[in-house]
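First comes the structure, then the notes that go with it.
The values are calculated or read from the model by the stated rules, or taken from the named source; none is laboratory data. Because the structure is a prediction, the values reported are computed rather than measured. We place every Cβ from the backbone using ideal geometry, glycine too, and count neighbours over all the protein chains shown.
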Amino acid sequence: MTNKLAIIGGSGLYDVEEFTDRELIDCSTPWGKPSDKILKTSFNNKEVYFLPRHGRGHFISPSNINFRANIDSLKQLGITDIVSISAVGSLKEDLFPGKFVIIDQFIDRTFARKKTFFEDEIVAHVSMAHPTSNGLMNACEEAIKEASIEYQRDGTYVVMEGPQFSTLAESNLYRSWKADVIGMTNMPEAKLAREAEIRYASVSMVTDYDCWHPAHENVDVKKVVEVLLGNAVKAKNMIKNLIVNFEKHIDPKDPTNNCLDVAIITAPEKRTPKTKEKLKTIAGRVLNK
């Protein structure tokens, strides 16, 4: 199997402009259109794909991102590995603006989003106990070290609905849960990637201290953007390293690889051709057996 890497870029990271070998791919899915055209490019003779989560120019609010179309499109292109890069607020003193966090756990607080491909007729329950790929996390860590970026390995990401920032009470609640960062975009993205049997890792770029910090009580978009620009430069260096190294970290026993084998509970005679057709990209491997 050919391993293909895709980067989903978040706030401040809408493209990798210096990659000059460029093809923009316009995808369609049963779930609608993805956030934007997908960039197919290469670096050091290695193929890589890039999807801006909010669209180029940042015109899609977190709640309106078509997460299902994004993941389905990448699956259509043969993507096996996704590294999500997103801007977050810090919930801990030592996670200062400019620091990166390699996420290993999520707390999903979103409520207005479609969170599964298996909504009609065919029911599947995938495990999310360990939502990120350990091998891909290792690749991200190596890439971050090579780029000399300050980082933390492992962290819990609270995913809020947004687009408003937290209240002080909410921020303090999440800190009491010992969570590390807060953002608006990694759910249901991580859940859908698991349903699509795509290995997933998440790198969070800290932009601010949310609103809990007495010296940083108000989250100011202007200040956040200033940090975003610096983070984006560092992230692009990380991405270059990641393209080169990610394949050597792939674990053939990663639980994502064949998770649908034990996830679909619907009896075969109840699986209609219409729904199987809709799910052909995501689950065709198991539905067509």
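Observations on the model:
- Tabulated pairs, the stretch 165-179, first surrounded by 11 or more Cβ atoms within 10 Å (Cβ to Cβ), second assigned to a loop (DSSP other than H, G, I, E, B) and among the basic types (Lys, Arg), C-beta under 8 angstrom, 6+ apart or interchain: ARG175/LYS92
- Filtered residues of the stretch 135-150 (kept if of a type outside the set (Lys, Arg) and surrounded by fewer than 16 Cβ atoms within 10 Å (Cβ to Cβ)): GLU146, SER148, GLU150
- Filtering the stretch 91-103 for residues that are more than 27 Å from LYS253 (Cβ to Cβ), in a strand (DSSP E or B), touching a residue at least 12 places away in the same chain (Cβ under 8 Å) and among the acidic types (Asp, Glu) leaves an empty set.
- Residues satisfying the stated conditions in the stretch 49-73, i.e. surrounded by 15 or more Cβ atoms within 10 Å (Cβ to Cβ) and outside any loop (DSSP other than H, G, I, E, B): TYR49, PHE50, LEU51, PRO52, PRO62, PHE67, ARG68, ALA69, ASN70, ILE71, ASP72, SER73
- Selection count where residues are touching a residue at least 12 places away in the same chain (Cβ under 8 Å), out of contact with any Lys or Arg (no Cβ under 8 Å at 6 or more places or on another chain) and farther than 15 Å from VAL88 by Cβ, scope the stretch 145-164: 2
- Taking the criterion of being polar (S, T, N, Q), in contact (Cβ under 8 Å) with a residue 12 or more places away in the chain and on the phi > 0 side of the Ramachandran plot, the only residue of the stretch 21-66 that qualifies is ASN44.
- Restricting the stretch 272-289 to residues that are more than 23 Å from the chain's Cα centre (by Cα) and β-branched (Val, Ile, Thr) leaves a set whose member that is farthest from ARG194 (Cα to Cα) is THR272.
- Selected residue [under 22 Å from PRO34 (Cβ atoms), modelled with pLDDT of 95 or more and surrounded by fewer than 18 Cβ atoms within 10 Å (Cβ to Cβ)] from THR80, THR116, THR132: THR116
- Residue satisfying all of: in the stretch 178-216; within 15 Å of LEU91 (Cβ to Cβ) and among the acidic types (Asp, Glu); modelled with the highest pLDDT among these: ASP180
- Test: ARG109 is more than 15 Å from the chain's Cα centre (by Cα) and touching a residue at least 40 places away in the same chain (Cβ under 8 Å): yes
- Scan of the stretch 1-24 for residues that are in a loop (DSSP other than H, G, I, E, B), modelled with pLDDT of 85 or more and either more than 20 Å from the chain's Cα centre (by Cα) or basic (Lys, Arg) (or both), ordered by number: THR2, LYS4, PHE19, ASP21, ARG22
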